[in-house]
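Undergrad: The structure follows.
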Amino acid sequence: MQDRLLPYWLLIPAFVIVLATTIYPLAYSFFTSFRAWDLTQSRRPEGFVGLENYVYAASEEQFLNSLWVTFIFVITSVFLTVVLAMALALLLRRKGPMHTFTRIVLILPFAMSPALIGVSYRFMFNPEFGVLAKGLGAVFPALEGVPWLADPQLAMGILVLTDVWHWTPYMTFMCLGGLASIPRETEEAARIDGASNLRIVFGIILPQMKGVIAVMAVLKTIFALKMFDQVVTLTGGGPGTSTETLAYFIFNVGFRWFDMGYASALAWILTAIMMVISIWYVRMLLSEKKMATA
Amino acid sequence: MAEVRLVDIEKKYGNFLAVPQQSLTIEDGEFLVLLGPSGCGKTTTMRMIAGLEDITAGDIMIKGERVNDKPPKDRDIAMVFQNYGLYPHMTVRQNIEYPLKLRGVAKADRRKRAEETAAKVELDALLERRPSELSGGQRQRVALARAIVRTPSIFLMDEPLSNLDAKLRVTMRAELKHLHHELGVTTVYVTHDQMEAMTLANRVAVMREGRIVQLDTPKKIYAEPADLFVAGFIGSPSMNLIDGTVSGGVFRAEGVDVPIDMPDREGVVLGIRPEELEIAPGGAAFTGKLYALELTGDSTLVTLRAGKTSVCARGHADFEADINTDCHLAPKDGARFHLFDRASGERLI
Amino acid sequence: MRKTLSYLGERALLVLVSVIVLFPIVWMFLTAFKQSRDAYSVSLNFKPTLQNFVTVFSDPWNLGSMVLNSVIVATVTVAIAVPCATLAAYSFSRFRVKARKFLFFLILSTQFIPAVVIVLPFFLMFRQLDMLDTRLALIIVNLAIVTPFVIWMIKGFIDAIPTDSEEAAMIDGASRLRVIKDIVLPVAAPGIMTSSIFCFILTWNEFLFALILSRRDAVTLPVGLVSFRTEQGDLWELMSAAGVMITVPIFIMALFIQKHFTRGMTAGAVK
């Protein structure tokens with residue numbers, strides 16, 4: 001009898017942790033999101049305000065701006081990461097000393113602290129003494145003296161760059177995993193039938209990678225939606241509010257202005273977006289699995 | 001008395017009925033083989049005996065005691081798995097000693113018994129190796145040694161030879177048979193290979209779609225298959241099964257004329273083993289064009305065809321003829337004809 | 001001829017990729033060994049010095065205490081998360097428990113809850129309990145991020161182990177717990193080790209929680225970086241030295257588990 005309950009006993013410690021550290025705060029901020037609570041005024045939540053925090057968000061310019069910034073960031077970084085990762089994986093598929101070396105090198109960016117990545121790119125793009133700013137200026141005279149991080153578009157570009165630099169290696173390994181599971185025979189058969197390299201990539205390999213690519217794209221979207229660390233250390237949300245992502249904006253509302261009620265409501269909006277995407281993602285994983293076992 | 005009784009057992013996975021209600025008694029010291037194609041429920045049945053799978057209904061009795069709710073460790077059984085199930089992180093010695101260790105046998109005694117057992121299966125030189133450093137046959141021996149080291153009252157073997165190459169399979173088969181003779185332990189053995197079943201078993205239970213369709217000695221199953229399925233499954237090359245009709249005391253099909261003592265009937269299948277046919281000069285029971293000749297070494301398989309009918313015979317090794325020439329086959333003296341009902345598969349004679 | 005050309009092209013591209021990946025890291029390492037006047041030029045002609053490391057470890061930066069905080073927070077988080085996650089992963093992998101799909105789904109989805117959402121209530125709670133700026137507070141919130149991730153990852157590793165040996169052990173006389181101890185843990189050890197290192201890296205690099213929940217006593221390395229932004233401007237050479245301190249242990253770990261790394265990274269995600 002004891003043996004029958006064992007599966008549940010094994011689950012308990014982990015579930016206690018998960019419930020206490022995620023479900024509880026989630027519930028707490030849900031209730032806070034319906035209240036007014038200025039932390040500088042009161043230690044406890046004040047009155048119940050219904051949906052006011054949410055209604056306010058719908059018309060607040062800064063929130064809408066951060067939503068837009070996040071949208072732009074997610075679209076560009078997901079697109080670039082997935083495409084580059086796929087290309088890199090195709091490049092790394094074969095064996096060779098340079099291939100092995102590159103694979104090892106690729107492990108490094110993912111192990112690096114995102115905050116540190118932000119710091120070092122900020123350093124390299126410093127217009128006065130940054131090595132990339134100087135280097136690019138020397139190679140392309142038109143870029144001489146460009147105020148990289150002081151320009152809204154360029155700052156966003158560099159923010160995307162740091163993220164792509166950080167994530168492409170991880171995604172490349174996912175692609176390599178996917179490529180390894182494609183049976184060699186299909187490719188060899190196509191080669192014998194006389195297909196060109198390009199044709200093989202687009203006609204044979206990519207269609208079989210559809211599942212992996214979709215999983216990558218959704219996963220990357222989820223991570224991009226959370227973008228925070230580099231915003232703090234690279235741009236500070238600026239210039240102006242041009243790189244103020246949703247996570248960074250919520251941080252500001254909560255921990256600079258201490259408006260807990262509003263911050264909670266915003267956090268729940270972000271959670272809702274993420275939940276929709278992750279449910280979609282998990283569904284996809286499960287059906288992938290079904291396909292794999294079928 | 002290590003007798004195993006399955007009483008009205010049944011296994012369902014959700015709504016899928018894997019093993020329908022049935023009973024089976026495995027006698028003390030018996031070597032019983034569960035034989036059938038893959039997915040027929042034989043492994044499920046064995047895993048229920050082992051306690052690795054719950055039973056949905058019924059009782060499992062080992063040595064007269066109901067063991068339904070007992071975990072595998074308390075059933076006094078040993079099992080050899082298809083993929084051996086060795087402990088990859090332990091040496092051969094540790095693998096063999098592990099069951100003794102779990103039963104609290106003292107270290108010195110454990111060592112001695114492990115070495116004795118290893119010697120029995122010729123593993124003495126490999127005791128300090130890891131499973132990954134062994135060949136398939138050697139791994140098989142480790143699995144075997146681990147099973148016999150603690151002299152359980154029942155052995156369960158799940159396709160133990162299926163991962164070995166053909167030659168090794170024959171050698172190991174003989175060793176298993178010898179081992180059973182020596183130890184006399186009740187053994188349940190699962191296989192899809194009818195040759196293994198025939199050579200090893202005291203009794204064979206042929207299973208199909210979860211159900212035991214025939215339970216008998218190998219001899220009896222070979223000589224008198226209970227239905228069309230068993231007839232086709234046992235024997236290599238398999239029994240000739242010819243669709244036809246009986247009228248006026250004669251079984252007729254294209255190219256076939258065999259006198260049969262039986263009332264007129266449609267939808268009949270005639271069965272005769274290739275070993276019981278021989279090449280005849282002409283006007284014989286089976287007439288057709290020679291379709292293929294396959295030399296197997298000690299004999300030649302002769303296949304002739306007439307329309308939809310195809311008949312195979314085991315002929316002399318030096319028989320030669322041209323393909324597509326006329327050919328005749330006749331039953332040998334004392335040959336046995338089997339008759340089955342096409343629709344139900346049931347045996348008629 | 002065409003073949004060698006395309007092969008050379010492939011190698012050239014790989015060199016380019018390696019350069020792009022390595023350059024920021026190499027530049028940071030170089031800067032860490034520059035004197036402060038050299039740090040503000042792009043010249044490679046400089047006299048290397050260890051002065052920056054001496055500076056960051058002394059007053060007022062005291063990187064030593066941040067290293068200690070990071071080590072303690074990451075180690076304790078791993079020490080709590082990994083054992084609990086291993087048991088849960090085993091249960092998910094081997095048993096058909098009731099509502100298993102729902103529970104697993106729950107675990108998976110919590111992984112995607114934005115960290116800001118989690119930290120907000122915890123900030124309030126820790127403030128109430130006077131636990132702000134303590135390592136314990138950081139450990140608790142880090143568990144939120146790490147635990148679901150590790151469960152998922154270790155489950156991937158356990159799923160890949162055939163059940164044969166475990167069943168053999170049960171028949172040989174072992175109870176389930178004994179099976180876990182004698183068979184599963186040793187066989188899954190490389191996977192569990194890999195997951196632990198992953199978990200360590202995640203916690204070590206964690207920025208948001210530490211930024212919000214620590215002020216002075218519990219500051220970890222990534223947050224420490226921000227303190228090199230002073231009123232006199234950014235002190236790049238010191239930041240780089242601190243960056244080297246953050247990076248080196250993690251790089252060593254990552255390269256140490258290199259073989260499993262790629263599998264581990266994708267185990268949770270694709271499987």
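The values are calculated or read from the model by the stated rules, or taken from the named source; none is laboratory data. Computed from a predicted model, the values in this text were never measured in an experiment. In this analysis, Cβ positions are derived from the backbone assuming ideal geometry, glycine residues included, and neighbour counts consider all displayed protein chains.
Undergrad: Take the conditions on the phi > 0 side of the Ramachandran plot, part of a loop (DSSP other than H, G, I, E, B) and surrounded by fewer than 20 Cβ atoms within 10 Å (Cβ to Cβ) and apply them to B:Glu128. Does it pass? Before the answer, list the steps.
TA: Values: on the phi > 0 side of the Ramachandran plot: no; part of a loop (DSSP other than H, G, I, E, B): yes; surrounded by fewer than 20 Cβ atoms within 10 Å (Cβ to Cβ): yes.
So B:Glu128 fails the test.
Matching residues to (1) away from chain C (no Cβ under 14 Å); (2) over 20 Å from the mean Cα position of the chain (by Cα):
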position: B:Leu32; (1), (2): yes, no
position: B:Leu35; (1), (2): yes, no
position: B:Asp74; (1), (2): no, yes
position: B:Tyr84; (1), (2): no, no
position: B:Ala108; (1), (2): yes, yes
position: B:Glu122; (1), (2): yes, yes
position: B:Leu126; (1), (2): yes, yes
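Undergrad: Find the helices (runs of 4 or more DSSP H) located wholly in segment C:178-230 whose residues include 1 or more that are within 10 Å of chain A (Cβ to nearest Cβ) and hydroxyl-bearing (Ser, Thr, Tyr), and list them. Walk me through it before giving the result.
TA: Working: elements: C:185-205, C:208-213, C:221-226.
Here the list is empty.
Undergrad: Let me confirm something: among B:Ser236, B:Ser247, which residue is free of Cβ contacts under 8 Å to residues at least 60 places away in the same chain, of a type in the set (Ser, Thr, Tyr), surrounded by fewer than 16 Cβ atoms within 10 Å (Cβ to Cβ) and in contact with an Asp or Glu (Cβ under 7 Å, 6 or more places away or on another chain)? Spell out how you get there, then give the answer.
TA: Details: B:Ser236 fails: in contact with an Asp or Glu (Cβ under 7 Å, 6 or more places away or on another chain).
Testing whether each residue is free of Cβ contacts under 8 Å to residues at least 60 places away in the same chain, of a type in the set (Ser, Thr, Tyr), surrounded by fewer than 16 Cβ atoms within 10 Å (Cβ to Cβ) and in contact with an Asp or Glu (Cβ under 7 Å, 6 or more places away or on another chain) leaves just B:Ser247.
Undergrad: Within segment C:57-68, how many residues turn out to be away from chain A (no Cβ under 14 Å) and touching a helix residue (DSSP H, G or I) at 6+ places or on another chain (Cβ under 8 Å)? Don't jump to the end; show me each part of the working.
TA: Within segment C:57-68, the subset away from chain A (no Cβ under 14 Å) is C:57-62, C:64-65, C:68.
Adding the requirement that they be touching a helix residue (DSSP H, G or I) at 6+ places or on another chain (Cβ under 8 Å) leaves C:57, C:61, C:64.
Total satisfying the criteria: 3.
Undergrad: Would you please name the residue that is nearest to the other protein chains (Cβ to nearest Cβ), looking only at residues in segment C:19-39 that are more than 22 Å from the chain's Cα centre (by Cα) and buried (at least 18 other Cβ atoms within 10 Å of the Cβ)?
TA: C:Trp27
Undergrad: Kindly evaluate B:Val269 against the criterion of being at pLDDT 90 or above and either more than 14 Å from the chain's Cα centre (by Cα) or surrounded by fewer than 18 Cβ atoms within 10 Å (Cβ to Cβ) (or both).
TA: On the way: at pLDDT 90 or above: yes; either more than 14 Å from the chain's Cα centre (by Cα) or surrounded by fewer than 18 Cβ atoms within 10 Å (Cβ to Cβ) (or both): yes.
Yes; evaluated as a whole, the condition is true for this residue.
Undergrad: Could you say which residue among A:Gly145, A:Gly118, A:Gly96 is within 10 Å of chain C (Cβ to nearest Cβ) and under 24 Å from C:Arg229 (Cβ atoms)? It would help to see each step written out before you state the result.
TA: On the way: A:Gly145 fails: within 10 Å of chain C (Cβ to nearest Cβ); A:Gly96 fails: under 24 Å from C:Arg229 (Cβ atoms).
After applying the criteria, what remains is A:Gly118.
Undergrad: Of all residues in segment C:102-149, which are of a type in the set (D, E, K, R) and free of Cβ contacts under 8 Å to residues at least 40 places away in the same chain? Walk me through how you get there before you give the answer.
TA: Step one: filter segment C:102-149 for residues of a type in the set (D, E, K, R), giving C:127, C:130, C:133, C:135.
Scanning segment C:102-149 gives C:Arg127, C:Asp130.
Undergrad: Let me ask you something else. Can you tell me which condition C:Ser196 does not meet? The list is (1) touching a Pro at 6+ places or on another chain (Cβ under 8 Å); (2) surrounded by fewer than 24 Cβ atoms within 10 Å (Cβ to Cβ); (3) among the polar types (S, T, N, Q), and all the others hold.
TA: Looking at each condition in turn, C:Ser196 falls short on (1).
Undergrad: If you go through segment B:210-237 one residue at a time, how many are over 12 Å from the mean Cα position of the chain (by Cα), more than 27 Å from B:Ser310 (Cβ to Cβ) and of a type in the set (Val, Ile, Thr)?
TA: So the count comes out to 1.
Undergrad: Going by the structure shown, is A:Val82 at the interface with chain C (Cβ under 7 Å from one of its Cβ atoms), touching a helix residue (DSSP H, G or I) at 6+ places or on another chain (Cβ under 6 Å), closer than 27 Å to C:Ile257 by Cα and of a type in the set (A, V, I, L, M)? Step through it out loud before you land on a result.
TA: Details: at the interface with chain C (Cβ under 7 Å from one of its Cβ atoms): no; touching a helix residue (DSSP H, G or I) at 6+ places or on another chain (Cβ under 6 Å): yes; closer than 27 Å to C:Ile257 by Cα: yes; of a type in the set (A, V, I, L, M): yes.
Considered against the rule, which asks whether it is at the interface with chain C (Cβ under 7 Å from one of its Cβ atoms), touching a helix residue (DSSP H, G or I) at 6+ places or on another chain (Cβ under 6 Å), closer than 27 Å to C:Ile257 by Cα and of a type in the set (A, V, I, L, M), A:Val82 comes out as no.
Undergrad: Check off (1) under 30 Å from C:Gly9 (Cα atoms); (2) touching a Lys or Arg at 6+ places or on another chain (Cβ under 7 Å); (3) not aliphatic (A, V, I, L, M) for A:Pro45 and give me the number that stays unchecked.
TA: Only one criterion is unmet by A:Pro45, namely (1).
Undergrad: Restricting attention to segment B:162-170, does a residue exist that is out of contact with any strand residue (DSSP E or B) (no Cβ under 7 Å at 6 or more places or on another chain), part of a loop (DSSP other than H, G, I, E, B) and in contact (Cβ under 8 Å) with a residue 40 or more places away in the chain?
TA: Step one: filter segment B:162-170 for residues out of contact with any strand residue (DSSP E or B) (no Cβ under 7 Å at 6 or more places or on another chain), giving B:162-170.
If we keep only those that are part of a loop (DSSP other than H, G, I, E, B) as well, we get B:162-165.
Going one step further and asking which of them are in contact (Cβ under 8 Å) with a residue 40 or more places away in the chain, we end up with B:162-163.
Yes; the residues of segment B:162-170 include at least one that is out of contact with any strand residue (DSSP E or B) (no Cβ under 7 Å at 6 or more places or on another chain), part of a loop (DSSP other than H, G, I, E, B) and in contact (Cβ under 8 Å) with a residue 40 or more places away in the chain.
Undergrad: Another one. Is it fair to say B:Ala313 is in a loop (DSSP other than H, G, I, E, B), among the small types (Gly, Ala, Ser) and in contact with a strand residue (DSSP E or B) (Cβ under 9 Å, 6 or more places away or on another chain)? Quick ask: steps written out before the conclusion?
TA: Working: in a loop (DSSP other than H, G, I, E, B): no; among the small types (Gly, Ala, Ser): yes; in contact with a strand residue (DSSP E or B) (Cβ under 9 Å, 6 or more places away or on another chain): yes.
It is false that B:Ala313 is in a loop (DSSP other than H, G, I, E, B), among the small types (Gly, Ala, Ser) and in contact with a strand residue (DSSP E or B) (Cβ under 9 Å, 6 or more places away or on another chain).
Undergrad: Turning to a different aspect of this structure: Which of the following residues is at the interface with chain C (Cβ under 10 Å from one of its Cβ atoms) and in contact (Cβ under 8 Å) with a residue 60 or more places away in the chain: A:Thr245, A:Thr233? Even if it seems obvious, please write down each step before you answer.
TA: Numbers: A:Thr245 fails: at the interface with chain C (Cβ under 10 Å from one of its Cβ atoms).
When all the criteria are applied, what remains is A:Thr233.
Undergrad: Follow-up question, since we're still on this one. Given the structure, is C:Thr134 among the polar types (S, T, N, Q), at pLDDT 85 or above, surrounded by fewer than 22 Cβ atoms within 10 Å (Cβ to Cβ) and under 20 Å from C:Trp204 (Cβ atoms)? If you could, list the steps in order and put the result at the bottom.
TA: Working: among the polar types (S, T, N, Q): yes; at pLDDT 85 or above: yes; surrounded by fewer than 22 Cβ atoms within 10 Å (Cβ to Cβ): yes; under 20 Å from C:Trp204 (Cβ atoms): yes.
Yes; evaluated as a whole, the condition is true for this residue.
Yes or no, residue by residue, for (1) buried (at least 21 other Cβ atoms within 10 Å of the Cβ); (2) within 23 Å of A:Met274 (Cβ to Cβ); (3) of a type outside the set (Val, Ile, Thr):
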site: A:Trp9; (1), (2), (3): no, no, yes
site: A:Ser29; (1), (2), (3): yes, yes, yes
site: A:Ser33; (1), (2), (3): yes, yes, yes
site: A:Phe63; (1), (2), (3): yes, yes, yes
site: A:Ile72; (1), (2), (3): no, yes, no
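Undergrad: A further question on this structure: Go through segment B:240-269 and give me each residue that's closer than 26 Å to B:Ala317 by Cα and of a type outside the set (Val, Ile, Thr).
TA: Of everything in segment B:240-269, those that are closer than 26 Å to B:Ala317 by Cα and of a type outside the set (Val, Ile, Thr) turn out to be B:Asn240, B:Leu241, B:Gly255.
Undergrad: Of the conditions (1) within 14 Å of another protein chain (Cβ to nearest Cβ); (2) without any contact (Cβ under 8 Å) to a residue 40 or more places away in the chain; (3) touching a helix residue (DSSP H, G or I) at 6+ places or on another chain (Cβ under 6 Å), A:Val218 fails just one. Which one is it?
TA: (2)
Undergrad: Then there's this: If you take just the strands (runs of 3 or more DSSP E) that sit entirely in segment B:1-84, which of them hold at least 1 residues that are among the basic types (Lys, Arg)? Outline the logic, then answer.
TA: Values: elements: B:4-13, B:16-26, B:31-35, B:57-62, B:77-80.
It comes to B:4-13.
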